[in-house]
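Visitor: I have a structure I would like to understand better, so I am pasting it below and will then ask my questions one at a time.
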């Protein structure tokens with residue numbers, strides 16, 4: 001049994017095991033079992049030397065043996081409580097019962113030994129032993145543990161539950177069988193059965209046989225443990241997007257190279273595979289005080305090897321930071337930084353990166369809160385507008401609604417900082433509805449105050465449009481604000497996806513009859529399919545600023561853009577030019593059949609309340 005315990009120790013010190021509270025309890029059980037095994041061996045050796053050994057030493061070793069075993073049972077109760085997440089006060093009854101039982105058995109062992117009522121050695125060195133309560137207390141603890149498992153089995157995976165219960169029952173059976181035969185040889189050994197199950201089911205974290213890496217939970221455990229113990233780590237992340245797909249394996253040559261980096265450059269480094277293509281190497285800076293030189297050597301070697309593989313990659317180096325360690329957000333930080341990096345780029349994380357990530361996390365938190373609350377009047381979401389000049393009348397009668405956030409810790413936040421985040425996490429849907437609702441409120445107010453406006457446009461993304469109830473939500477908000485449908489326009493960008501094209505077409509057809517106008521936004525950027533544009537019943541085509549810049553650069557570009565604009569006009573689309581910055585832009589775009597003009601020449605984006613400075617009051 002002692003050999004088995006030592007084998008346990010070898011496994012837990014050579015394998016990577018998460019340093020959780022439950023593991024620390026389990027590790028204590030192993031040490032207690034070793035103590036019990038050694039005590040048992042010493043006890044039987046002393047029995048053969050009673051002539052030369054004081055009897056008090058024998059008594060002390062025997063008590064140590066018994067109390068060590070019962071301490072293991074007590075730890076099993078603590079372990080079950082931790083594993084089953086039993087955090088209610090009512091769950092403490094199991095702990096109270098287990099601790100009380102331990103106190104009683106300790107008192108029983110000491111008193112009966114001192115009084116010689118159960119076990120003593122007479123003057124002739126004969127061992128006098130009466131009935132023991134050891135089996136009774138053993139079964140008492142077994143019942144407590146089984147009750148905890150059975151009554152709370154919904155909190156643990158079924159196969160794990162079955163494995164632990166069966167091994168516990170097996171221990172009870174062995175105790176019964178040896179009791180029937182008046183044996184005690186297997187008393188300590190029966191404690192191994194549930195410990196085998198616990199190690200296998202609960203703390204097994206095998207290495208990847210290909211490259212010697214462990215998984216993401218092990219990485220998060222290591223960083224949490226290091227933060228708690230103030231150990232600074234060097235974290236080196238390599239992302240190979242080509243392999244970041246399910247079941248994609250590294251070729252053998254790349255496996256060999258990764259193993260090389262794992263062992264060659266840093267002392268006591270650990271390798272983690274956080275996703276298919278994301279490999280992270282971690283080393284303690286205290287064990288590698290010259291880690292900067294080691295980093296340079298590794299990076300130099302990497303680029304030498306890169307000539308063989310030529311894989312796109314992103315590499316990030318950082319040392320642990322208290323602010324990130326407190327919430328254990330290293331993986332999220334790595335992913336955030338990777339999203340800002342180009343291919344084959346290396347980043348050494350600095351204070352600016354951490355500050356940018358802090359702002360990113362804050363924005364994510366605020367967007368999540370806005371989404372969760374679902375308040376269409378949320379004060380954090382602000383509507384700005386850019387007025388649009390009607391080139392025919394020379395007046396401002398339309399505008400584009402633009403989104404801003406106003407957050408307590410950051411002030412005004414611009415779309416390029418939060419729109420990608422909102423789209424990534426799906427929060428854009430509530431933001432779009434809030435902007436729509438607030439725009440409708442502003443339209444109603446402007447109308448009631450006697451201002452003339454044709455419409456104000458609101459941008460929607462494909463994420464919004466893909467919602468099955470998109471049309472119903474839009475109509476409901478317009479109706480609830482009591483404004484004419486034609487006073488509102490919806491701006492959409494063109495999509496390359498055939499499925500998205502069908503969705504957009506269907507949504508436009510659903511809403512078109514109500515009087516809502518539709519804009520095709522960002523025409524001229526990237527992809528344009530004229531067949532699809534013609535098939536979609538847009539009212540206004542918005543020519544992107546890039547077309548205005550191109551038209552200014554040479555006559556060929558101006559001729560082409562002018563031709564496109566006249567073609568759309570002949571097909572009864574209105575053309576709106578974005579990005580008008582000066583008089584020359586204005587005159588050129590009017591020549592190129594521009595019906596509406598928008599840009600900084602007329603106004604930068606302003607709070608929607610400021611439209612009263614541009615719209616004409618007619619009553």
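Visitor: Under a crude label model (7 Å from the Cα following the beta-carbon direction), how far is residue 114 from residue 535 in nanometres?
Guide: 9.4
Visitor: Could you tell me the center-to-center distance, by alpha carbons, between region 541-612 and region 392-426 in angstrom?
Guide: 21
Visitor: OK, next. Mind giving me the nanometre distance, one decimal, between the label points for residue 395 and residue 372, set 7 Å out from Cα along Cα→Cβ?
Guide: Each label point is offset 7 Å from its Cα along the Cβ direction, giving 4.8 nm.
Visitor: For the chain, give the share of DSSP beta bridges that are antiparallel, in percent and rounded to the nearest 5; count only bridges with both residues there.
Guide: The answer is about 55 percent antiparallel.
Visitor: Using Cβ contacts closer than 10 Å as the measure, can you line up 122, 416 from fewest to most?
Guide: Ranking 122, 416 by Cβ neighbours within 10 Å, fewest first, gives 416, 122.
Visitor: Between residue 546 and residue 339, what FRET efficiency follows from the Cβ-Cβ distance if R0 is 25 Å, with the result rounded to 0.05?
Guide: So, using R0 = 25 Å, E works out to roughly 0.55.
Visitor: I'd like the FRET efficiency for residue 123 and residue 38, computed as 1/(1 + (r/R0)^6) with the beta carbon distance as r and R0 of 45 Å, rounded to 0.05.
Guide: 0.95
Visitor: Here is a follow-up. As an exercise, find the ratio Rg/Rh for region 361-613 from alpha-carbon atoms, using the Kirkwood inverse-distance average for Rh.
Guide: Rounded to two decimals, Rg/Rh equals 0.95.
Visitor: Give me 216, 150, 144 sorted ascending by neighbouring Cβ count inside 10 Å, so fewest comes first.
Guide: Ordered from fewest to most neighbouring Cβ atoms within 10 Å, 216, 150, 144 come out as 150, 216, 144.
Visitor: Continuing with this model, one more query. Only counting other Cβ atoms within 10 Å, I'd like 32, 340 sorted with the fewest neighbours first.
Guide: Going from sparsest to densest Cβ surroundings: 340, 32.
Visitor: How much length is gained if the chain between residue 350 and residue 312 is pulled fully straight, taking 0.36 nm per residue apart and subtracting their Cα-Cα distance, in nm to one decimal?
Guide: Gain in length upon complete extension: 11.4 nm.
Visitor: Still on this structure, I have one more. In whole angstrom, how far apart do the alpha carbon centroids of region 267-286 and region 15-87 sit?
Guide: 35
Visitor: What are the equivalent ellipsoid semi-axes of region 317-366, built from the alpha-carbon gyration tensor (square roots of five times its eigenvalues), in whole angstrom, biggest first?
Guide: They are 18, 14, 9 Å, listed from largest to smallest.
Visitor: Given the chain, what whole percent of its Cα pairs are spread farther than 33 Å?
Guide: That tail contains 65 percent of the Cα-Cα pairs.
Visitor: Sticking with this structure for a sec: Using the per-residue mean of other Cβ atoms lying within 10 Å as a proxy for protection, in what order, highest first, do the peptides 489-496, 403-410 fall?
Guide: In decreasing order of mean packing, 489-496, 403-410 become 489-496, 403-410.
Visitor: In 5 Å bins starting at 0, how do the alpha-carbon pair distances of region 443-489 split up by percent?
Guide: Histogram of Cα-Cα distances, whole percents per bin: 5, 18, 27, 24, 15, 7, 4, 1.
Visitor: Over all directions, how big on average is the projection of the convex hull of the alpha-carbon atoms in region 420-475, in square nanometres?
Guide: Seen from a random direction, the Cα hull of region 420-475 projects 4.3 nm² on average.
Visitor: With each pseudo-label sitting 7 Å past Cα toward Cβ, what's the residue 53-residue 169 distance in nm, one decimal?
Guide: 3.9
Visitor: Taking the chain as the reference, fit the longest principal axis to its C-alpha atoms, fit the long axis of helix 192-202 to the helix C-alpha atoms, and give the angle between the two in degrees, 0 to 90, nearest 10.
Guide: Approximately 10 degrees, to the nearest ten.
Visitor: OK, next. With the Cα gyration tensor of region 374-484 in hand, convert its eigenvalues to equivalent ellipsoid semi-axes via √(5λ) and list them largest first in whole Å.
Guide: The three semi-axes for region 374-484 are 24, 18, 14 Å.
Visitor: R0 = 45 Å: FRET efficiency of residue 567 with residue 444, Cβ-based, nearest 0.05?
Guide: Once the sixth-power term is evaluated, E becomes 0.75.
Visitor: Any chance you could run the full-extension gain for residue 469 through residue 255? It's 0.36 nm times the residue separation minus the Cα-Cα distance, nm to one decimal.
Guide: 72.1 nm
Visitor: Highest mean first, how do 224-231, 33-40 rank when packing is the count of other Cβ atoms within 10 Å averaged over residues?
Guide: 33-40, 224-231
Visitor: Order these peptides, 287-294, 511-518, by their mean beta-carbon neighbour count within 10 angstrom, highest first.
Guide: 511-518, 287-294
Visitor: Is it possible to state the helix-based mean residue ellipticity at 222 nm for the chain, with each DSSP H run of 4+ residues giving -39500 (n - 2.57), the sum divided by total residues, to the nearest 500 deg cm²/dmol? What is it?
Guide: It lands at -17500 deg cm²/dmol.
Visitor: On a 0 to 90° scale, report how tilted helix 2-14 is relative to the longest principal axis of the chain, with both axes built from alpha carbons and the result rounded to the nearest 10.
Guide: For 2-14 against the chain, the angle is about 20 degrees.
Visitor: When you have a sec, figure out the Kirkwood radius of region 216-349 from all distinct Cα pair distances and drop it here in Å to one decimal?
Guide: It works out to 15.2 Å.
Visitor: For region 427-525, max minus min Cα coordinate along each principal axis, in Å, sorted largest first?
Guide: Sorted from largest, the Cα extents of region 427-525 read 44, 28, 26 Å.
Visitor: What is the angle, in °, between the Cα long axis of helix 415-425 and the longest principal axis of the Cα atoms in the chain? Nearest 10 is fine, range 0 to 90.
Guide: 50
Just so you know, all these numbers are worked out from the coordinates, no wet-lab data involved. Computed from a prediction, not measured in an experiment: that's the story for all the values here. Don't worry about glycine lacking a Cβ; one is built from the backbone with ideal geometry, like all the others, and counts go over all protein chains shown.
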